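The values are calculated or read from the model by the stated rules, or taken from the named source; none is laboratory data. All values reported here derive from a predicted model rather than from experimental measurement. Backbone-built Cβ (ideal geometry, glycine too); neighbour counts: all protein chains shown. When the accessible area is computed, the model is the full protein with side chains, heavy atoms only, and any ligands, DNA or RNA have been set aside. Shrake-Rupley method; radii C 1.70, N 1.55, O 1.52, S 1.80 Å.
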Amino acid sequence: MIEASTPLMRQYQAIKKRYPHALLLFRVGDFYELFYEDAIVASRELQITLTSRSRDRGEAIPMCGVPFHAAENYIARLLRAGYKIAVCDQMEQPGPGKHLVRREVVRVITPGTATDLNVLEPKENNFLAAVARGSGGAPIGMAYLDLSTGEFCATEFADGGAEERLRDELQLLHPREILLPRQPGLFAQPGTARLDGATSSSPEGVETRLEEWIFRVAYGQRLLTEQFGVAGLEGFGLATHSQAICAAGALIHYLRETSAKADGESAPALAHLDTIRYYEQQDSLVLDPITVRNLELLSPLHAEETPRGSQAEASLFGAIDQTVTGMGARMLRAWILRPELARAEIDARLDAVSEVKSQTMLREEIRQNLRGIQDLERLASRATLGVATPRDMLALRQSLARIPLLRRYLANCAASRLARLHGELDELADLQQRLDQSIADDPPALASDPGVIRRGFNAELDSLRDLSQSSRQVIAAMEDRERKRSGIGSLKIRYNQVFGFYLEISKANLHLVPTDFERKQTLVNAERFTTPELKEYESKVLAADERISEIERRLFAEVRFYVAQQSPRLRRTAAAVAQLDALAAFAVLAATRNYARPEFTDGGELLILGGRHPVIEHLLEQQGERFVPNGLYLNGNSHQILLITGPNMGGKSTYLRQAALIVLLAQVGSFVPAQQARLPITDRIFTRIGAGDNLARGRSTFLVEMSEVAAILNLATPHSLVLLDEVGRGTATFDGLSIAWAVVEYLQSHTRARTLFATHYHELTELADLLSGVKNIHVSVEETPNEIVFLRRVEEGSANKSYGIEVARMAGLPPDVIARAREILRRHEQSERQLSEKLASTPPSGNGTGEQHALFTPIDREVLEALRAADLDHLRPIDALNLLAELKKQIS
C-alpha cells in the first residue's frame, strides 16, 4: 500500500492496518468507499466501476464505492462470496471548521457471524464452527453456533475414524465459516485465497486461521465460564471434554473480536449465548453425508437436471415443508438431519400431530396465527447484539401480539406435547407493553432518522417536536411581518443546511431593506440577510432538532437494551413457536396427503403396507399422475435381506429410497405415506445408491463405491437399515458378481442388518435357497408384442429376465445393434448358468486353496489342471499339438 499524503487517506490506512483480513468499507459522506486492493476485489465481486483517487504526487489509488443507504445488499453479496467486511462509520457530523471527521469500525461481519435478515436464509441456520485437536491420540473437538439464533453446541470425535466422522458432521452442518488453528495438516486441502490468505474456501465452508494459543484448554475454559456466568462447566456436560472446550472457547474469542458495537449500550454483546449443549453423534439416528445425498433429504441428487420450477420440492425437505415461519422450517430441517431414537419423544410428537390433524379448525387457526409471527429467534439476537433496527422492534411487537391467541388455542389440547408448548409460550406482556408505548406505528428504517419513538412516550421529546413542527407557521408569520415592515412584497424566508434560515431579497428591492437586516450572502440576482429575531429562532429550532435526534437515539437504545434483557424468555418462546409450527406442518401433511400414523415395535419387525415415496408422489400429483404404492416386510430372521431384481427404469431405486424415507419420517415424528407402518427403532440408515468419481481425492468411481460398502459392513448393526443398489457394477462382471455375492453373505452372517439389496446380477437370486433370511422380490413389467410396460409393482420372487436391451431399443439404438446385442446375450446366458452352479457349490468362507479362477470361467477344471501341469519350456511342437487335441476333446 502506497504511503498516503492526505489526512483522509492517512486515516484510512491507520484503520486498515487494524483489519488487514477484511474489506474495509470506509464511510465518506453518502458513500462507503473502498481503496487499493479492497477496491479491486469489490469491483470484481460486485460488478461495479473501478475508478481512482488522484494523489498530489500524481499517483492514482484504485477506488470504488457503494451508496450508504444500499450498503446492506452489497455486503450480503460479499459475504456470500466468502469475504469479511469491516464497516467504518463517521462518528460525528461534518460541519464548518471540521476538516476531518472521526471514523471508527463499528462492526466486523464475516460469513459465519452475519445477523442481518437480508443476508440470512430464513429456512437455514448460519453456522460458525471451530475445530480443535490435541497432541498424540487426543480426540478432535468441534463446536458450532448460530449467532443469529443463539444455538450453541459442541462434541468430540475419538478413536478410529475420527477425521472422517468430523468431516461427515461438518458436511451435515454446512457451516458458513470454520475456525482452525494456524497449523498444517488440519483440513489443509487447497482453498481460494482471501486477501492475505488468512481466510480460504473449503468444501465445508470458508476457513479462518487463528493463533494456536486461542485453542488452549485453560483459555477456553476461562472464556466459557465468563460467558455463561458459572464457576465450572460440569452442568453443560463439558468438564471432561477438553478439546470441545478448546473449540467452543475459540468461537467466543472470535465473536468478541468481531461483534458489533452496541451504540454505547451496557448490554453484553453476546448475552444471548448463555448456554451450550454437548452431544454425541449416536444420540440420534445417524445419517452420514452419503445417505443425506442419496436420499435427497435436502436437495435433489441431480439439481441441474431438475426443472427449475420443481427444484425446491424435489427433495424430502422441499416436498414436506409446510411450515409458515423461518423458525419452524429450521427446526424441521434439523429434525430431518437428526431423527429421534427415544421412543417417548417420537410418541409425544405423533400424539400432537394426531390431535392437530383431527381438528381442522384448530389446525387452521394455529397456522393462521403462526403466519403473523416473524423470526423471534433472530429478532431477539439482533437486539442482544445491538444491531436491531426500529423496524425490527415493530416486527417483534407485532409478532408478540399473536402469542396470547396461540396459547388460547392450545389451552384445552389433550396431547402432552401441546400442553407443554402451551406452558412454554410466554406472552411477554411487559415487553409487549413497552414496545406498544415506545415504538411508532411506522418507524423509519434507521434509528438515526426521526420518528422512531411514539408520541406520548416522553414529554420532553413531545415538546421539542411541537416546537420543530410549528416552525412553518412561525416562519410564515415572521415572513408576513417583515414584508409589511419593509414594504417588500417578494421577501421570502428560506432555509438550507449551509446557511440555516435567511431572508432573500431581489436586487431591485435592496433600497427598501431595513437597517437592522444583516447581509449573509450575495447572489447574482438577490441578496440574503438575517435578523436578530431570525437568528434567535434558528438557534432554538436547530437546537430542538438536534435534541430530538439525541433523545430518540437514547430512548431507542434503552428499549433495545430492555428487549435484550428479555432474550432468554424470547428464545424459549421462539423454540415453542418453532416446534408448534413443525408439528402443525406434519398435521397438514397427514390430513392432505393421506399419511398414516406409524406404530413402533420392539421385535425388530418392519412392515409397510401401501407405502409411497413422499417426494415422487408429491411431484406426480402436481402433474395429475398417480404413484403406485408397494408394501415391504423385513425382520431379523426370516426376512433379513431382500434381493430386488428387475429392469432398469422399473423402480428399484425408488423402492429403496421409499423404505428409508418412511423410516426416517416416522422417527422424526411425522405420519408416513403408507396405509400402515409397523416399525422398529432404527439406529442408522446406510445407502449405496449410485456413485461418482472423487477426483479431488484421487478416487475412481469404483473405489468410491467400495469405500461406501466398506463403511456399511464395518459400521452397521442389527438395528440398522441398509440400502444397496447395484453393488459391484463398477468393475468387471465376474469380479463384481463375486463381490456382491460375498457382501450378501457377510450381511446375512455378520452384520445382521435389515437390508434391501437391488441388483442386476440374477445369479444372486440363488442365495435365497442357500442362506436363511434372504428372500427374492422383483419389480414387475408387462410385455406386449411391441413394447414393455413398467408396472412399478413389487412382487415376490426373482425377475425371470433382464430388459436392458428392450430399454436400449426404446432409447433408439439402431436395429442392427439391438439384434447383435440379443445374439451376444444368448451366449453369455449359457456361461452365466455354468457360473451360477459353481458359485452355489462354493461355501461362503472359501476353500483357502487359492483356486479362485475356477469360479470365473466356464472352462473345465481338468483342462485347467492339464494346462498347469504342462512344462512349456521343454514342450516340443508335436507334443503341444497333441496336448491341444486332447484338451479340445475334454471341452467338446
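In table form, for the structure just shown:
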read-out: Flag if residue 124 is outside any strand (DSSP E or B), open to solvent by 30 Å² or more (accessible area, probe 1.4 Å), under 30 Å from residue 445 (Cα atoms) and not aliphatic (A, V, I, L, M); value: yes
read-out: Selection count, segment 83-93, where residues are surrounded by 14 or more Cβ atoms within 10 Å (Cβ to Cβ) and either modelled with pLDDT of 95 or more or not aromatic (Phe, Trp, Tyr) (or both); value: 7
read-out: Residue among 434, 391, 420, 407 that is within 31 Å of the chain's Cα centre (by Cα), part of a helix (DSSP H, G or I) and over 20 Å from residue 371 (Cα atoms); value: 420
read-out: Yes/no for residue 448 being in a helix (DSSP H, G or I) and not aliphatic (A, V, I, L, M); value: no
read-out: Tally, over segment 792-818, of residues that are of a type in the set (A, V, I, L, M, F, W, C), open to solvent by 60 Å² or more (accessible area, probe 1.4 Å) and at pLDDT 80 or above; value: 2
read-out: Check on residue 112, touching a Pro at 6+ places or on another chain (Cβ under 8 Å), at negative phi and either open to solvent by less than 20 Å² (accessible area, probe 1.4 Å) or part of a strand (DSSP E or B) (or both); value: yes
read-out: Yes/no for residue 533 being part of a helix (DSSP H, G or I), farther than 22 Å from residue 443 by Cα and modelled with pLDDT of 90 or more; value: no
read-out: Residue that is modelled with the lowest pLDDT, among those in segment 152-177 that are surrounded by fewer than 22 Cβ atoms within 10 Å (Cβ to Cβ) and not in a helix (DSSP H, G or I); value: 160
read-out: Members of segment 363-381 that are in a loop (DSSP other than H, G, I, E, B) and open to solvent by 40 Å² or more (accessible area, probe 1.4 Å); value: 371, 374
read-out: Hits in segment 717-750 (condition: hydroxyl-bearing (Ser, Thr, Tyr), over 12 Å from residue 706 (Cβ atoms), touching a helix residue (DSSP H, G or I) at 6+ places or on another chain (Cβ under 9 Å) and open to solvent by 10 Å² or more (accessible area, probe 1.4 Å)); value: 717, 733, 738, 746
read-out: Residues satisfying the stated conditions in segment 695-720, i.e. at pLDDT below 75 and in a loop (DSSP other than H, G, I, E, B); value: 698, 700
read-out: Scan of segment 18-34 for residues that are of a type outside the set (Lys, Arg) and part of a strand (DSSP E or B), ordered by number; value: 23, 24, 25, 26, 28, 31, 32, 33, 34
read-out: Subset tally (residues that are within 19 Å of residue 791 (Cβ to Cβ) and not in a strand (DSSP E or B)) for segment 629-657; value: 13
read-out: Residue match in segment 568-583 (condition: touching a residue at least 24 places away in the same chain (Cβ under 8 Å) and part of a strand (DSSP E or B)); value: no
read-out: The one condition in (1) surrounded by fewer than 16 Cβ atoms within 10 Å (Cβ to Cβ); (2) at negative phi; (3) not charged (D, E, K, R) that residue 502 fails to fulfil; value: (1)
read-out: Number of the exception - residue 255 against (1) closer than 20 Å to residue 175 by Cα; (2) in contact with a Ser or Thr (Cβ under 7 Å, 6 or more places away or on another chain); (3) modelled with pLDDT under 90; value: (3)
read-out: Top-ranked residue of segment 35-82 - restricted to ones that are part of a loop (DSSP other than H, G, I, E, B) and in contact with a Pro (Cβ under 8 Å, 6 or more places away or on another chain), ranked as surrounded by the fewest Cβ atoms within 10 Å (Cβ to Cβ); value: 50
read-out: Segment 721-778: number of residues that are aliphatic (A, V, I, L, M), closer than 27 Å to residue 285 by Cα and assigned to a loop (DSSP other than H, G, I, E, B); value: 2
read-out: Residues (more than 23 Å from the chain's Cα centre (by Cα) and among the basic types (Lys, Arg)) located in segment 641-678; value: 652, 678
read-out: Residue satisfying all of: in segment 474-496; open to solvent by 70 Å² or more (accessible area, probe 1.4 Å) and under 60 Å from the mean Cα position of the chain (by Cα); modelled with the highest pLDDT among these; value: 494
read-out: Counted residues, segment 704-734 - those being of a type in the set (Asp, Glu), under 27 Å from residue 769 (Cβ atoms) and without any contact (Cβ under 8 Å) to a residue 40 or more places away in the chain; value: 1
read-out: Candidates 360, 389, filtered to the one that is surrounded by fewer than 18 Cβ atoms within 10 Å (Cβ to Cβ) and β-branched (Val, Ile, Thr); value: 360
read-out: Residue identified as modelled with pLDDT under 95 and among the aliphatic types (A, V, I, L, M) among 394, 385; value: 385
read-out: Residue within segment 690-703 that is under 24 Å from residue 314 (Cα atoms) and in contact (Cβ under 8 Å) with a residue 24 or more places away in the chain present; value: yes
read-out: Residue in segment 679-694 that is in contact with a Gly (Cβ under 9 Å, 6 or more places away or on another chain) and modelled with pLDDT of 95 or more present; value: yes
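To keep it simple, each residue is scored yes or no on (1) under 30 Å from residue 242 (Cα atoms); (2) of a type in the set (A, V, I, L, M).
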position	(1), (2)
48	no, yes
61	no, yes
72	no, no
75	no, yes
78	no, yes
84	yes, no
106	no, yes
138	yes, yes
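A quick yes/no check of all residues on (1) under 21 Å from residue 248 (Cβ atoms); (2) not charged (D, E, K, R):
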position	(1), (2)
80	no, no
86	no, yes
110	yes, yes
113	yes, yes
118	no, yes
124	no, no
